[in-house]
Amino acid sequence: MTRHQEVHQTDASELANALRFLAADSVEKAKSGHPGMPLGMADLATVLFTKHLKFDVKNPEWPDRDRFILSNGHGSMLQYSLLHLLGYEGATIKELQRFRQLHARTAGHPELGYLPGIETTTGPLGQGLGNSVGFALGERMMNADFGDDLVDHRTWVFCGDGCLMEGVGQEAISLAGHLKLSKLTLVFDDNRTTIDGATSVATSENHAARFAAANWRVLHADGHDHDDINEAMTEAKTSDQPTVIIARTRIGFGAPTKEGKSIVHGSPLGPDELAGLRKNLNWPHEPFVIPEPIKNKWRSAGVAGATERLAWQDRLKGISPATREKFERRISGKFPPTLEAEVKAAIKSAVATPTAAPIRKGSLAATAVLQNSMPELVGGSADLTGSVLTKPDNMQLVVPGEYAGRHVGYGIREHVMAATMNGLALHGGFFPYGGTYLTFSDYCRPSIRMAAIMNIRVVFLFSHDSIGVGEDGPTHQPIEQLASLRAIPNLRVYRPADGVEALECWLDAALHSGPSAMVVARQAVEPVRRVERPDMPSRRGGYVLQEAREKRDLTLIATGSEVDLAIRTAALLEKSNINAAIVSLPCWETFDVQDQSYRDAVLGTGPRYAIEAALPMGWGRYVGSEENVFGVPSFGMSGPGPQVYAEMGLIPETIAESILNRLGAKQSVTA
């Protein structure tokens, strides 16, 4: 029997019931979890995994597998039950019995890396749907590079009402429809139930009309009729648009008193209800016991894709060695061998012709250098390409139906831009970055946090990074964003001081295995790096940019555009016989993991002061107290950037005078 042959409805229902009871029994044993969705979506999952999904449990990283994303990740036991029944390594009955327990591989929500077969970490509603746009776009872009023989797979997503209510969900629907991502299929669990009760409590929209307006193909199915489900999924695979299958289901299917009620969403059924479920669905088996005939059918489905995988491997072996090498390097995430040399050559050129320029231009130059060696580099912006400077001149646009380009116009959709970038990185074969203003990083924050949890390689590019934005005023002048980004574990936050540091920071982000935030200034600054340094010191997070002329009396530490301000402040202090060393600290996270001896040598033993046009929070670790930070403790104000800096006391004369007073020196500072 092949994987695409019909399975008798009764047999298929038994397969679905195996999913239901593994999920319900696991939640019951944990005394925690969400049984309602697995009970309601088990039929949909059964048809998808036994008839349509292309995969092979013996090779879960097969590049041309279909991707399955459980966006409504609270129903994680549906996925864990699938992984066990299909035979994925590590998805044992013991792990199901340890659901939601400390160090279990069956965490409360699906987490990347815990078990094979989990493509992305989900749970915050809408994030998985947003990721799916990146997965589907990644498939089309890799297909444009390598053709149908190597890249021809689909992305399937399960979601519920919550994913569609969240704003990121609407952004994802809109972008996917615009890009004509025809290999994306969303299965919507239309159970019309939320935690607060019926969905009518909060929404009355017409989902079919909504998707149709966004250029999706809209199909309907009875979510408990396997033939109806199969017909809809078969039709979805013929569509030239992304497809949504609106599947009418009953949450808590089979539960005698809780079916269709919100109470079954997020609480164990309880012994009596679980016993009634067994009776209703004619499942006379003990908890965690799956009859061998049913288990065997599931295991057969798990390896049914081996034939397709082996044929794909033969095609890979049959292409030219050069193309195969490119494909395998891209998929593996290995770095191009020429990357570091090209960056060093660009640094040499920049040092030879120092010019005052906005740091965002230095960032643009860095991405142009990276793309010379990295065809996997994918840029984009949230309708701010010409402001953030995300698109090098020779980076072509991605347009609907044509996917050979490398710059994505995400539109004014920061939420899904960030989630899509995560999906591109997770798909494999791409190193994505996307830009907006730093103050709008707040719109990206859920996806940034998810990237940090998953520790995936992606760069969130933010410009207009301070009160230097000027006339746009406090709504657009980021104050607290740097501190809040630095508070996210696993995220490297870079704030380069000029074009040379931008090159070094971008190289470091490219070679880093996790996520980064690249924060760059809009306004022009003088170059601070005027000599070549083969060690590329920005890659150590912090370094002595300029040592004191004689014995170091104090250390001025700064980031980004304020490094030039620190240099000018030091010049004034020198006139008062105070010798200051200048430390540039573009990446706290990298600096903090350097050897203690290196950090001590950089920071010095004397008084330390920090200069950064942002909230002083966090600087105490380097300067002892936030009182030693020249920052911006309140929201900004509208006015020309230089005037706002002066009003906030961030000018050399004010800073130098304050330092002299603190040191007990009485000299007056003059420009």
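Assorted remarks:
- The lone exception for residue 334 - which of (1) under 29 Å from residue 403 (Cβ atoms); (2) in the same structural domain as residue 459 (by TED's automatic domain parsing); (3) at pLDDT below 95 it fails: (2)
- When each of 635, 630 is tested for being buried (at least 20 other Cβ atoms within 10 Å of the Cβ), out of contact with any His (no Cβ under 9 Å at 6 or more places or on another chain) and modelled with pLDDT of 95 or more, the lone residue that passes is 630.
Conditions tested, residue by residue: (1) more than 14 Å from residue 565 (Cα to Cα); (2) of a type in the set (S, T, N, Q).
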site	(1), (2)
617	yes, no
636	yes, no
654	no, yes
658	yes, yes
662	yes, no
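- Pairs where the first residue, in the range 110-136, is aromatic (Phe, Trp, Tyr) and the second is part of a helix (DSSP H, G or I), C-beta under 8 Å, 6+ apart: 135/423; 135/424; 135/426; 135/427
- Residue check, residue 89 modelled with pLDDT of 95 or more, assigned by TED's automatic domain parsing to the domain that holds residue 155, out of contact with any helix residue (DSSP H, G or I) (no Cβ under 8 Å at 6 or more places or on another chain) and not in a helix (DSSP H, G or I): yes
- Number of the exception - residue 51 against (1) in contact with a strand residue (DSSP E or B) (Cβ under 8 Å, 6 or more places away or on another chain); (2) charged (D, E, K, R); (3) outside any loop (DSSP other than H, G, I, E, B): (1)
- Residue count for the range 148-162, restricted to those that are out of contact with any helix residue (DSSP H, G or I) (no Cβ under 8 Å at 6 or more places or on another chain) and among the small types (Gly, Ala, Ser): 1
- Spans of strands (runs of 3 or more DSSP E) in the range 424-513 with at least 2 residues surrounded by 24 or more Cβ atoms within 10 Å (Cβ to Cβ) and among the small types (Gly, Ala, Ser): 431-437
- Residue 145 passes every criterion in (1) under 28 Å from residue 310 (Cβ atoms); (2) surrounded by fewer than 20 Cβ atoms within 10 Å (Cβ to Cβ); (3) touching a Gly at 6+ places or on another chain (Cβ under 7 Å) apart from (3).
Listed here are the residues, each with its yes/no results for (1) assigned to a helix (DSSP H, G or I); (2) touching a His at 6+ places or on another chain (Cβ under 8 Å).
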site: 362; (1), (2): yes, no
site: 368; (1), (2): yes, no
site: 371; (1), (2): yes, no
site: 375; (1), (2): no, no
site: 378; (1), (2): no, yes
site: 383; (1), (2): no, no
site: 387; (1), (2): yes, yes
site: 393; (1), (2): no, no
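For every residue, the table says whether it meets (1) touching a Leu at 6+ places or on another chain (Cβ under 6 Å); (2) not in a loop (DSSP other than H, G, I, E, B).
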| residue | (1), (2) |
| --- | --- |
| 17 | yes, yes |
| 21 | no, yes |
| 32 | no, no |
| 55 | no, no |
| 82 | no, yes |
| 101 | no, no |
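- Filtering the range 232-261 to residues that are of a type in the set (D, E, K, R) and closer than 22 Å to residue 78 by Cα leaves 248, 250, 258, 259, 261.
The values are calculated or read from the model by the stated rules, or taken from the named source; none is laboratory data. Keep in mind the model is a prediction, meaning the values are calculated, not measured. Reconstructed Cβ throughout: ideal geometry from the backbone, glycine too, with neighbour counts over all protein chains shown.
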